[in-house]
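Novice: Following this message is one structure expressed as structure tokens.
Read the figures in this text as sums done on the coordinates, not as results from a lab. Note that the structure is a prediction, hence the values are computed from the model and not measured. Positions of Cβ are backbone-derived with ideal geometry, glycine not excepted, and every protein chain shown enters the neighbour counts.
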Amino acid sequence: MSDTVIRIRNLHKRFGDLHVVKGVDLEVKRGERIAIIGASGSGKSTILRCLNFMEMPSDGTIELDGKMLGTEGRANDGGAARTYSESELCEVRTRVGMVFQQFNLFPHMTVLENVMEGLITVKRTPKEAARSRATEQLAKVGLQDKLHAYPGKLSGGQQQRVAIARALAMDPEVLLFDEPTSSLDPELVGEVLRVIHALAEEGRTMLLVTHELGFAYHFADRVVFIADGIVYETGTADDVLKHPQKERTQAFLARFTERAF
Amino acid sequence: MEYTWDFKVILDSFPLLLRGLVVTIELWILAFAIGLSLGFAVSLARVSSRGWLNGPAIGYVELFRNTPVLVQLIWFYYAFPIVLGAQLSPFTAAALSLTLNTSAYCAEIFRGGIVSIARGQWEGAKAIGMTRAMTMRRVILPQVLKRMLPAFTNRGIELAKVTSLASLLAVNELMYQGRLLSSTYYRPLEILTVVALVYFVLIYPGSYLSARLERRLAARD
């Protein structure tokens, strides 16, 4: 096993004529916690979503554990996009888990069933084993007393914790968080951040797109500031958030009045 | 109104009407069951992002929804055999056209249901490694079927009524028997009234259940 879990080279993403990600290189080391920050529309979420192929990269390569994903191919628009089989992508997604801004739980399943679903359908875990693993993960996020509730009956913070448990149940090597607290009421943000923080303590490899700069400061080994679809500035949390070298990073940070670090 | 009702005619014609009813039910169940399955397949093609699946599916649905059922029935009996090079029995032609017609409507119901599920559900499933087929079966359909039940019940009711058009191809279903008997006995008032009542008894329970179901589902949401 190499030290680098994910290596992205020259990642591009276009939506029609809109060029959102314009050549990003990034390496993620095992156990590293990276916070990705930037203004809305800078492309930070899109970069994250390319890592588990929620969005298909228009160009560039992604390596997972030293293995180049996909095969050489030619996209319809003449670009050099690689082609990926559905089975490969599904396998990658079990190894690179994701937590969304909008939770995306299954409303017709109970909390427990939501967390068991991937284990049963994707990993083919026997039901009893899946149940105990799911229960374990839900206990970890503090929801052991909500196993049989439906997501619709939970607060946003609780729903997001279920979503985290669902991702954790698959035992991913890397966890991606796409603005996990952006759609929560302010008083619910804390409980979700505490869970994410606890995962960080476990030494999990995590990438977090966030607007919570205070949290990013304490959470991240490395902060990546994205502007206009490129990595504009990167370094330790201290470097980027406290002593930004570049003008746009400074301007971005200046707009956050509550710099809680 | 000077009219002497003849109820004996009804008793005499009842066995034939019942036989017609059986054919009506056969036609109904056959067209509905296959129409539903075929409609589901068409809806999958319809929601596909691949043009070669999506395009023909749109054409199919629009063709059947924008031409009269009666024209379709007659076309499948008189015109299709020329293309096919083999004669179809009236029942087969009627069953075929009603099935295809139903499948087109069902495809639209399925499609509406499938696209009504928020994109986030697909993404949530995708993110834990589920394939599209798994997601459809475990996440999308269980939610969609509930929502679509009223629409499908309505479709079933509509189809039960439309089967009566098969009488024009001399399929010996309920309406055909009714017309035959009423001209044999010269008693259209008694016989056609009974025919209408039999249809009502056949269809009303479905309408009633559908309305109740709709209310219950509405109350739950």
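Novice: Each residue of region A:138-151 in turn: what ³J(HN,Hα) in whole Hz from Karplus with 6.51, -1.76, 1.60 and θ = phi - 60°, glycine and Pro shown as x?
Specialist: Along region A:138-151, the couplings run 5, 5, 4, 9, x, 10, 4, 8, 10, 3, 9, 7, 8, x Hz.
Novice: With r as the distance between the Cβ atoms of B:S48 and A:H197 and R0 = 35 Å, compute the FRET efficiency 1/(1 + (r/R0)^6) and round to 0.05.
Specialist: Working: r = 43 Å, r/R0 = 1.22.
So the FRET efficiency works out to roughly 0.25.
Novice: Between B:M175, B:F32, B:M130, whose Cα lies farthest towards the positive end of the dipole of the protein assembly as shown when Lys and Arg beta carbons carry +1 and Asp and Glu beta carbons carry -1, centred on the Cα centre?
Specialist: B:M175
Novice: With only Lys, Arg, Asp and Glu charged, each at its Cβ (+1 for the first two, -1 for the last two), find how big the charge dipole of region B:8-220 is about the Cα centre; round to the nearest 20 debye.
Specialist: 920
Novice: Where the centre of each part is set by its Cα atoms, how far does region A:104-121 sit from region A:185-261, in angstrom?
Specialist: Going from one Cα centre to the other spans 30 Å.
Novice: If amide H atoms are built 1.01 Å from N in the plane of the peptide, which residues on other chains or at least 5 residues away come under 5 Å of the amide H of A:E55?
Specialist: Here the answer is A:C50, since their amide H atoms fall under 5 Å of that of A:E55.
Novice: What's the center-to-center distance, using Cα atoms, between region B:43-97 and region A:11-60 in Å?
Specialist: 46
Novice: Another question about this same structure. HN-Hα J couplings of region B:85-95 from phi, Karplus 6.51/-1.76/1.60, θ = phi - 60°, integer Hz, Gly and Pro as x?
Specialist: Result, ordered by residue: x, 8, 6, 9, 5, x, 4, 4, 4, 5, 4 Hz.
Novice: Between the DSSP loop rule and a limit of at most 13 other Cβ atoms within 10 Å, which trypsin sites (Lys or Arg not before Pro) in region A:83-159 are left?
Specialist: Here the trypsin sites (Lys or Arg not before Pro) that fit, given the DSSP loop and packing criteria, are A:R124.
Novice: Which residue fluctuates the most in chain B, going by a Gaussian network model with Cα springs under 10 Å, if the choices are B:M175, B:M148, B:M136?
Specialist: B:M136
Novice: Do the sum for chain B: with -39,500 (n - 2.57) for every DSSP H run of n ≥ 4, divided by all residues, what is the mean residue ellipticity at 222 nm, to the nearest 500 deg cm²/dmol?
Specialist: -26500 deg cm²/dmol
Novice: With charges set only on the Cβ (+1 for Lys and Arg, -1 for Asp and Glu), what does the dipole of chain A come to about its Cα centre, in debye to the nearest 20?
Specialist: Rounded to the nearest 20 debye, it is 240 debye.
Novice: Further question: When the chain is fully extended, how far beyond the present Cα-Cα distance does A:S87 get from A:Y150, taking 0.36 nm per residue of separation? Walk me through the numbers before you get to the answer.
Specialist: Details: separation 63, 0.36 × 63 = 22.68 nm, distance 3.03 nm.
Length gained between A:S87 and A:Y150: 19.7 nm.
Novice: All other residues with a Cβ under 10 Å from the Cβ of A:E32 taken together, and with Lys, Arg as +1 and Asp, Glu as -1, what is their net charge?
Specialist: Combined, the nearby Lys, Arg, Asp and Glu give +2.
Novice: Considering only A:M56, A:A134, A:T94, whose Cα is most displaced toward the positive end of the charge dipole of region A:49-137, charges sitting on Cβ of Lys, Arg (+1) and Asp, Glu (-1)?
Specialist: With unit charges placed on the Cβ atoms, the residue in question is A:A134.
Novice: Using a Gaussian network model of chain B whose springs link C-alpha atoms within less than 10 Å, name the residue from B:A107, B:A31, B:A133 with the highest mean-square fluctuation.
Specialist: In the Gaussian network model the winner is B:A133.
Novice: Just the Cα atoms of the protein assembly as shown: what Rg and Dmax do they give in Å?
Specialist: 30.6, 104
Novice: What FRET efficiency do you get for B:L11 and B:I157 if R0 is 22 Å and r is their Cβ-Cβ distance, rounded to the nearest 0.05?
Specialist: Details: r = 29 Å, r/R0 = 1.32.
Computed FRET efficiency for B:L11 and B:I157: 0.15.
Novice: Using Cα-Cα distances under 8 Å and only pairs 6 or more residues apart, what relative contact order does chain A have, in percent?
Specialist: That works out to 24 percent.
Novice: In the neighborhood of B:T4, defined by Cβ-to-Cβ distances under 12 Å, what is the net charge if each Lys or Arg adds +1 and each Asp or Glu adds -1?
Specialist: Once positives and negatives cancel, what remains is -1.
Novice: Between A:K29 and B:T193, what is the label-to-label distance in nm when each label sits 7 Å out along the Cα-to-Cβ direction?
Specialist: Label at A:K29, label at B:T193, 9.3 nm between them.
Novice: Can you tell which of B:V115, B:V144, B:V83 shows the greatest fluctuation in a Gaussian network model of chain B with Cα springs below 10 Å?
Specialist: Maximum fluctuation in the GNM of chain B, among the listed residues, is at B:V83.
Novice: Taking +1 at the Cβ of each Lys and Arg and -1 at the Cβ of each Asp and Glu, which of B:V22, B:S97, B:G120 sits farthest along the dipole of the protein assembly as shown towards its positive end, judged by Cα position relative to the Cα centre?
Specialist: In the protein assembly as shown, that residue is B:V22.
Novice: So in the protein assembly as shown, what percent of DSSP beta bridges are antiparallel if you round to the nearest 5?
Specialist: Taking every DSSP beta bridge with both residues in the protein assembly as shown, the antiparallel ones total about 55 percent.
Novice: Run through region A:1-108 and list the GluC sites (Glu not before Pro) located in a DSSP loop whose Cβ has at most 11 other Cβ atoms within 10 Å.
Specialist: Taking region A:1-108 and a limit of 11 other Cβ atoms within 10 Å, the loop GluC sites (Glu not before Pro) found are A:E72.
Novice: Averaged across A:123-136, how many Cβ atoms of other chains sit within 10 Å of each residue's Cβ atom?
Specialist: The per-residue average across the peptide is 0.
Novice: List, in order, the whole-Hz ³J(HN,Hα) value for each residue of region A:188-197 obtained from phi through the Karplus relation with A = 6.51, B = -1.76, C = 1.60 and θ = phi - 60°; use x for Gly and Pro.
Specialist: Karplus values, whole Hz, x for Gly and Pro: 9, 5, x, 5, 6, 5, 4, 5, 5, 5.
Novice: Next question, about the same structure. For region B:111-190, which chymotrypsin sites (Phe, Trp or Tyr not before Pro) pass both filters: DSSP loop (anything but H, G, I, E, B) and at most 16 other C-beta atoms within 10 Å?
Specialist: B:Y186
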